[in-house]
Amino acid sequence: MLDALRRGASKGPAKVLFILLIFSFGIWGIGDVVRGVGGDAPAIEVGDVEVSPQTVQAAFQREVERLRGVLGPEITAERARDLGVVDQVIAQLARQAVVDAAAADLGVQPAPQDLRQRITEIPAFQNQQGQFDRDLFRRVLAQNNLTEEQFLRGLSQDLTREALLSTAAAGAVAPQPLVVPLFERVAEERQAAVLRVPDAAQELPPVPADPELRTVYDENIDAFTAPEYRTLTALVMRPSDLTDEVNVTDEELRAEYEAMLPQLEQAEQRVISQVLVGDEQTARAVAEAARGGATLADAAEQAGAPAPLDLGAMTADTLPPSAADVVFAMEEGAVSDAVQTPIGWHVFHVAEILGGETPSLEDVRDQVRERVAADKAIDVLYDLTADVEDALGGGATLEEAARQSNLELLTIPAVDPQGLGPEGAPVAALPEEEIFLNTAFSLEAGRESLLEEIGRGFFIVRVDEITPPQPRPFEDVREDVIALWQAETRQTLSEETARGLADRIREGARLPALAEEAGLPHGTTQPFRRDAQGLQTPAGPLPAAAVAELFQADAPGAVAVARGRDGWIVAKLTDILPVEQPTQAQGFEQVRTEIRRGLADDLSTQFLEAFADRYGVKVDRALIDRTL
């Protein structure tokens, strides 16, 4: 547990490694991934390649953990089975076994020099200069509990699979007669005249009587239903809650103070201004005039240089090295010679020298104590969590365990899954981390969680009561029902108006004239393609439904009506713009590449299916179910 508390931030290399090795270190694990283990009956057989039930179990567990990270702790192993995760894992492992069997049959294996080259190209093993670092390589493997032999075996399998599948897909070619018509369809553009009928512009009839409002209420009961609320009791333990109780000795303060001195010391500063020019001769003229008694501004003006720039207080590390050496050797009030840096020629004036300061321990005692106390609080927290777990394991209630360790419990009378109370406001004192509510809403009433991590601390939560979702009384939400009726009525009226205008346009009326007559926003779109999303027009965004309808038309003049963000859009197709010289147009090669990639995927799939038919794929589902 203490290791969990003290986890550092340097986790990058450990994570990068798993991202890089997709096949061997993803769903399939490491080591003897597709070989029988200890003589057990295989769960999957493909020719001579066997997948053990332990491998299937490990792959399934990894996938469940991945889903929990995405969807939350409510994803249990049972829920994952309901979602078809077992079938997915079996299919992936079987596919991999087919690849390995085919590679062994065809004698495909990477050369040693290819392995070495690939290892040196992996960023996780490169130092800051981009060079392979063997020490870093060993550290990253150790962080992932991998031996060098395991890693090399997994990488060899990856390269073997790449070689096999790339060979199968090498013959994929996207023929011109296929690419050209597809590209012409993708690249074709159209234009339209558009108008918008806003919902807000519609005049509402009087509010109906309660019987009609109750119908609206009943038809939209979900909108007026209160969410599930839970009453919770929680024990939340963080190092920051314990710092005031930690005893910090003078010796510990002194040691931490000395360790923090490099951060506490304030470097010497110079308050400077400068004239920056492009040539040495002008810079020298400025320096000579300033040293002759002129102000830096007058000296710059006399030399035809730009006005001085006030840089304020600067430390040596904020200036280019060549400038810092000069500036920090100058006396207060002095003017420098011409100084060259990579950005030009400078003349500096030091207006004031601010000496560096080293604060005494007394000056920063509170800051230093906070640092020491925070570190010691982690150890205290470790002891507390151990005590709490021991108490709960011995049969104590959460209240008793908290009382024995002198800890306060957090009581939450009612909270919904979004962290809101019955009044719709955020619940005070609720931990901000998502894991807290996710855990609380995964428990049954009367159950308490295990000890869970939360930030740098831990928590245990118990569900005391569950109030299921229930409709709010009509009388309490009558105003909300009226607001919903008004919104729906406005939408209905704006739709009727839009469709009436569309009919008139189809009969020959001009869209701009109708829009002007009704005082509606209107205009003409820019050319757009069939995949346009959120296209901005003078009348507002053009809905995807309108785009699709306009691209179904064979000729200009077609009219589309679609629901927009806050009203209805009427669009008339005004122009069809086919692509000219498709093979020379921008994007043609991209489409060709995408088609070739799709054909290559199809060839790889057919290749694997052929080998699967040759070897046969046997799955012992009963054994897998017993193992899981």
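The values are calculated or read from the model by the stated rules, or taken from the named source; none is laboratory data. Fair warning: this is a prediction, and the values are worked out from it, not measured in the lab. Neighbour counts run over all protein chains shown; Cβ positions are idealised from the backbone, glycine included. We work out accessible area using only protein heavy atoms, side chains counted, and drop any ligands, DNA or RNA first. Shrake-Rupley method; radii C 1.70, N 1.55, O 1.52, S 1.80 Å.
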**Request:** Taking the Cβ of M330 as the centre, find all other residues whose Cβ is under 13 Å away and add up their charges (Lys, Arg: +1; Asp, Glu: -1).
**Result:** -4
**Asked** At A255 and E389, where each label point lies 7 Å from the Cα along Cα→Cβ, what is the point-to-point distance in nanometres?
**Response** 2.7
**Complete:** Of the residues P205, A334, V179, the Cα lying farthest along the dipole of the chain towards its positive end, which is defined by charges on the beta carbon of Lys, Arg, Asp and Glu, belongs to V179
**Prompt:** Between A226 and E479, what FRET efficiency comes out of the Förster formula 1/(1 + (r/R0)^6) with R0 = 22 Å and r the beta carbon distance, rounded to 0.05?
**Reply:** 0.85
**Fill in**
With x for Gly and Pro, the residue-by-residue ³J(HN,Hα) of region 93-104, computed from phi through the Karplus equation 6.51 cos²θ - 1.76 cosθ + 1.60 at θ = phi - 60° and given in whole Hz, is 5, 5, 4, 5, 5, 4, 4, 5, 5, 5, 4, 5
**Prompt:** How big is the Kirkwood radius of region 167-319, worked out from every pair of different alpha carbons and given in Å to one decimal?
**Reply:** 28.6
**Prompt:** What is the Cα centroid distance between region 483-533 and region 169-195, reported in whole angstrom?
**Reply:** 31
**Message:** So, R0 is 22 Å and r is the distance between the beta-carbons of R621 and Q54; what FRET efficiency does that work out to, to 0.05?
**Reply:** 0.85
**Prompt:** Based on the Cβ-Cβ distance from A267 to E507, what FRET efficiency comes out when R0 is 56 Å, to the nearest 0.05?
**Reply:** 0.10
**Fill in**
Of 498-506, 135-143, ordering from highest average Cβ density within 10 Å down gives 498-506, 135-143
**Message:** Using the crude model of +1 on Lys and Arg Cβ and -1 on Asp and Glu Cβ, and no other charge, please compute the dipole size for region 135-284 relative to its Cα centre, in debye to 20.
**Reply:** 860
**Request:** Enumerate the whole-percent occupancy of each 10 Å bin, from 0 to the last occupied one, for all C-alpha pair distances of region 266-354.
**Result:** 19, 56, 23, 2
**Complete:** For region 266-354 the mean separation of alpha carbon contacts under 8 Å (6+ apart) over residue count, i.e. relative contact order in percent, is 43
**Asked** What order, most packed first, do the peptides 91-104, 355-368 have when packing is the mean number of other Cβ atoms within 10 Å of each residue?
**Response** 91-104, 355-368
**Request:** Please give the net charge around I119, taking every other residue with its beta carbon less than 15 angstrom from that of I119, where Lys and Arg add +1 and Asp and Glu add -1.
**Result:** -2
**Request:** Quote the charge dipole size of the chain about the Cα centre in Debye, to the nearest 20; the model charges only the Cβ of Lys and Arg (+1) and of Asp and Glu (-1).
**Result:** 2580
**Item:** For the chain, with +1 on Lys and Arg beta carbons and -1 on Asp and Glu, the positive-most of T492, T243, L398 along the dipole
**Value:** T492
**Asked** Over region 528-628, what is the mean sequence separation of C-alpha contacts under 8 Å (at least six apart), divided by residue count, expressed as relative contact order in percent?
**Response** 14
**Message:** Between A316 and I353, what is 0.36 nm times their sequence separation minus the Cα-Cα distance? Round to one decimal in nm.
**Reply:** 12.1 nm
**Prompt:** Relative contact order, percent, of the chain when contacts are C-alpha pairs under 8 Å separated by at least 6 residues?
**Reply:** 23
**Complete:** In region 45-91, taking the dipole from +1 charges on Lys and Arg beta carbons and -1 charges on Asp and Glu beta carbons about the Cα centre, the listed residue (G84, V49, G69) farthest towards the positive end is G69
**Prompt:** Per the 1.4 Å probe, what fraction of the accessible area of region 128-195, in percent, lies on carbon and sulfur atoms?
**Reply:** 50
**Asked** If you count, for each residue, the other Cβ atoms within 10 Å and average over each peptide, how do 200-206, 486-492 line up from highest to lowest?
**Response** 486-492, 200-206
**region 233-299-region 586-628 distance, computed between alpha-carbon centres (Å)** = 60
**Message:** Can you give me the accessible area per residue for region 266-354, using a 1.4 Å probe, in Å²?
**Reply:** 53
**Request:** Give me D for region 43-148 in µm² s⁻¹, whole number, from Stokes-Einstein with Rh from the Kirkwood sum over alpha-carbon pairs, 25 °C and 0.890 mPa s.
**Result:** 145
**Fill in**
Distance in Å, no decimals, from the C-alpha centre of region 379-436 to the one of region 44-74 is 34
**Rg ratio (alpha-carbon, reference 2.2 N^0.38 Å) - the chain** = 1.42
